[in-house]
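Take a look at the structure below.
The values are calculated or read from the model by the stated rules, or taken from the named source; none is laboratory data. Keep in mind the model is a prediction, meaning the values are calculated, not measured. These area figures cover heavy atoms from the full protein model, side chains too; ligands, DNA and RNA do not enter into them. Shrake-Rupley method; radii C 1.70, N 1.55, O 1.52, S 1.80 Å.
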Amino acid sequence: MNESINENIDVIALFEQGRIKPLYFKWRNRKYKIKKVNLVHSSKKGSAVLYHFSVSDESNNYTLCFDSKDLSWELSEIYTEG
Amino acid sequence: MKFTPKDKRAVDERVIMHIDMNSYFATVEQQANPFLRGKPVIVGGSPDSRTVVAAASMEAKKFGVKSGMSLYEAKKRCPHLLLVEGDHEKYAGITLKFLNIFETYSPILEIFSIDEAFLDVTHTQERFGGAKEIALKIKKRLKEEVGEWLTCSIGIAPNKLMAKLASSLEKSDGLVVVKSEDVPLILKKTKLTALCGIGDKTASSLLSIGIDSMEKLAGFPEKVLVKRFGINGKILKKMALGEDDSPVVPYYEEPPYKSMAHHYTLPEDCYEMEEVKDVLLRLSEKVGRRLRTHNYRGRTITLILRTSDFFTFQRQDTLGRYIDDGYEIFSEACKIMRKLTWRGSVRMVGVSVGNLAKNYSQLSLLPDEANKRRLIEALDRINNKYGEFTVQRARNLETRLRKHTGGYVERSELLQM
């Protein structure tokens, strides 16, 4: 089951070999440790390039969005089992 | 980087690869969301719309679910199906990633569709240990660099026709090599419609003259085929012999646009022509923006309407001038519409602009025209920066077109991303 969130979040990410790898994110005062980055793709919104990270922690899957123009992160969606 | 082979090898000495991503949209969604892996998944429109299956996962295909099937039919075959709303930007973005991988093995890369490509490795394969080795490297890099759930089927053959056939012989994560000497035996076991370019209609026409197998087509008199099918008759016979000398056309050498169009299937059959016109305006604005983005103007406007019982009406008008303004396109399409005696509902609306000219500059001495041009250019700058339809006509404020997902994408536009 998926739910649209679209809220700003704080992210700790690793910049390595030309890639961004989000490691943790904080949403509504709770810290989430990212276990795996499943897919990364980009899109354009006007002149801004957005990077979408499909990630998993121990329980759920999430889509995080990085706006390379204003350097902000957003939690786009949460996917729970069932 | 352009690559022009200096030696012209005989066409049957070529080494062509066809790479076909397996159940592409569905697999991408399963890669993104591990909860979907191993489950019957289909990608389509929103569940409350008149959606069809754009792609089905391998698990869904086992139940007989196929692309193009209605959601209703798909659910009948597989009641526990999971529907994911398609995300065209995601698929296009992933396509660019795998195209970049393919291109490291040869610059002669033809983008056939959003999930298929041809690669001519005739002159580069020795550098990488051979074509089969390239294929294995591509499969490995796809998993490592894009996602471990993504697989592709690869066919290697002396030409595009046979390479595409070869990739279809092993559906999931396949690798099939077809040598010249293998071609007759493979074709003997192949149905006519398995060849790219022979669909149900052509097969039906062939059957009407007694051809129901590859063998019969290969042995049929060419003169009779040409009489029946024109120049295509020659091509059909060559296909049945596994012959195809068409080159792999690199994406940077593709021919220019012939026309630009947008279509939209309405969520419900519509009886109100004013509502149809609202959608037509939005589509016309989209076509106008695409024309201006690629520096084209056109003078043949085509209006397409489809009824709920799938009767398609298409009429065009060729103007004495070239246009690229969405509202002008809309106005011309409305003129065509006014000439119709339309009864019944509309299921699909489309507009197309053809007879294109590139870099067409039409200076106008009329101040109104010059002002209009400046306004359009200013609106384009805003919409380019902040997103399409950031600024739009008031009439279109209430009109929303739902996202569609299909297997076709303008190849040049894929590369604009």
Tell me, what HN-Hα J-couplings in whole Hz come from the Karplus equation 6.51 cos²θ - 1.76 cosθ + 1.60 at θ = phi - 60° for each residue of region B:265-274, using x for Gly and Pro? 8, 6, x, 9, 4, 10, 9, 8, 5, 5
Give me a comma-separated list of calculated 3J(HN,Hα) values for region B:38-45, in order, Karplus coefficients 6.51, -1.76, 1.60 applied at θ = phi - 60°, integers in Hz, x for any Gly or Pro. x, 10, x, 10, 10, 10, x, x
Over chain B, with a Gaussian network built from C-alpha contacts below 10 Å, which listed residue (B:Arg374, B:Arg289, B:Arg37) shows the highest mean-square fluctuation? B:Arg374
Which lysines have a Cα less than 19 Å from the Cα of A:Lys31, not counting those fewer than 8 places away in the same chain? A:Lys21
What accessible area per residue, rounded to a whole number of Å², is obtained for the protein assembly as shown using a probe radius of 1.4 Å? 53 Å²
Which of A:Lys44/B:Lys171; B:Lys137/B:Lys237; B:Lys61/B:Lys258; B:Lys132/B:Lys234; B:Lys160/B:Lys201 exceed 24 Å between C-alpha atoms? The answer is A:Lys44/B:Lys171; B:Lys137/B:Lys237; B:Lys61/B:Lys258; B:Lys132/B:Lys234
Taking a ≥ b ≥ c as the square roots of the eigenvalues of the Cα gyration tensor of region B:95-176, is the shape rounded (a/c under 1.5), prolate (a/b larger than b/c) or oblate? rounded
Residues whose placed amide H lies under 5 Å from that of A:Ala13, excluding near-sequence neighbours: A:Leu23
Straight distance only, please: which lysines reach the Cα of A:Lys26 with their own Cα at less than 23 Å, same-chain residues fewer than 8 apart left out? A:Lys35, A:Lys36, A:Lys69
Considering chain A as a Gaussian network with a 10 Å cut-off on Cα pairs, which listed residue, A:Ser43, A:Ser56, A:Ser72, attains the greatest mean-square fluctuation? A:Ser43
Based only on Cα atoms, what mean projected area does the convex hull of chain B have, in nm²? 24.3 nm²
Quick one: order B:Lys216, B:Lys171 from most to least accessible surface, probe 1.4 Å. B:Lys171, B:Lys216
Grab the DSSP H runs of chain B that are 4 residues or longer, score each as -39,500 (n - 2.57), total them, divide by all residues and round the 222 nm result to the nearest 500 deg cm²/dmol. -11000 deg cm²/dmol
Of B:Gly219, B:Gly288, B:Gly298, which has the largest mean-square fluctuation in a 10 Å C-alpha GNM of chain B? B:Gly219
If the reach is capped at under 18 angstrom between alpha carbons, list the aspartates and glutamates near B:Lys143, excluding any in the same chain fewer than eight residues apart. B:Asp20, B:Glu29, B:Glu103, B:Asp115, B:Glu116, B:Glu133, B:Asp173
Globularity index of region B:114-263, i.e. its alpha-carbon radius of gyration over 2.2 N^0.38 Å: 1.20
With a cut-off of 8 Å between alpha carbons and a minimum separation of six or more residues, what is the relative contact order of region B:166-269 in percent? 20 percent
For chain A, averaging the sequence separation of alpha carbon pairs under 8 Å that lie six or more residues apart and dividing by its residue count, the contact order in percent is 30 percent
The relative contact order of chain B, taking Cα pairs under 8 Å that sit 6 or more residues apart, comes to a percentage of 16 percent
Scale the Cα Rg of chain A by the rule-of-thumb value 2.2 N^0.38 Å and send over the ratio, two decimals. 1.04
